[in-house]
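The values are calculated or read from the model by the stated rules, or taken from the named source; none is laboratory data. In this text, all values refer to a predicted model and were calculated from it rather than measured experimentally. Here Cβ is always computed from backbone atoms with ideal geometry, including for glycine, and neighbour counts include all displayed protein chains.
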Amino acid sequence: MNHKRIQKFFSLQRIERILLLQSFLLVGVIRVGLWVISLPSLVKILATFYHHPFSNDHSRNSLSSIAWAVTVSSRYIPRATCLVQGLATQVLLAYEGIPSDLCIGVAKDNPASFEAHAWVEVEGQVVIGGPQLHRYTKLTSFGLRTK
């Protein structure tokens, strides 16, 4: 990590630094988790994250702050796909007490090849994974609810 990035990190507010570190940890754990276990097993494990929060800091993070932290963290984790980012976003939202849905769809504009995409919605609003959603037909979604 270069000096400017370190400086930028420490110039963030405390809550932003904590959120970024939480996001970085989650994106890494989820990336490895998807490599070694099944998605349903990983989702069960992830549900424990919001039952046992990272810290006792209960200040509320906004939807855009969570999406920002996951997006930034994903730049530093190899192969942090839209599914990885969506799952990390869901866990952080659940920790904040915000129910969300992870949506999975396939591209409808190229029947010759298979292309899937994942995104997260809160009350119908796309939180992460939104660009070019018009290309995808939603196949399924599943929610991660707070306790």
When restricted to Gln22, Gln7, Gln13, the only residue out of contact with any strand residue (DSSP E or B) (no Cβ under 8 Å at 6 or more places or on another chain), among the polar types (S, T, N, Q) and modelled with pLDDT of 90 or more is Gln22
Exception for Ile66 within (1) under 18 Å from Glu16 (Cα atoms); (2) free of Cβ contacts under 8 Å to residues at least 60 places away in the same chain falls at (2)
Of the residues in the stretch 116-133, those that are at negative phi and either in contact (Cβ under 8 Å) with a residue 12 or more places away in the chain or surrounded by 14 or more Cβ atoms within 10 Å (Cβ to Cβ) (or both) come to Ala116, His117, Ala118, Trp119, Val120, Glu121, Val122, Gln125, Val126, Val127, Ile128, Leu133
*Using the structure shown, decide if Ala112 is exposed (fewer than 11 other Cβ atoms within 10 Å of the Cβ) and either hydroxyl-bearing (Ser, Thr, Tyr) or more than 14 Å from Leu20 (Cβ to Cβ) (or both).*
yes
Result of the Cβ filter at 8 Å on the stretch 1-23, keeping first residues that are without any contact (Cβ under 8 Å) to a residue 40 or more places away in the chain and partners that are exposed (fewer than 10 other Cβ atoms within 10 Å of the Cβ) and of a type outside the set (Ser, Thr, Tyr), at least 6 apart or interchain, is Arg17/Phe10
Just wondering, is there one or more residues in the stretch 25-46 that are among the charged types (D, E, K, R) and surrounded by fewer than 18 Cβ atoms within 10 Å (Cβ to Cβ)?
-> yes
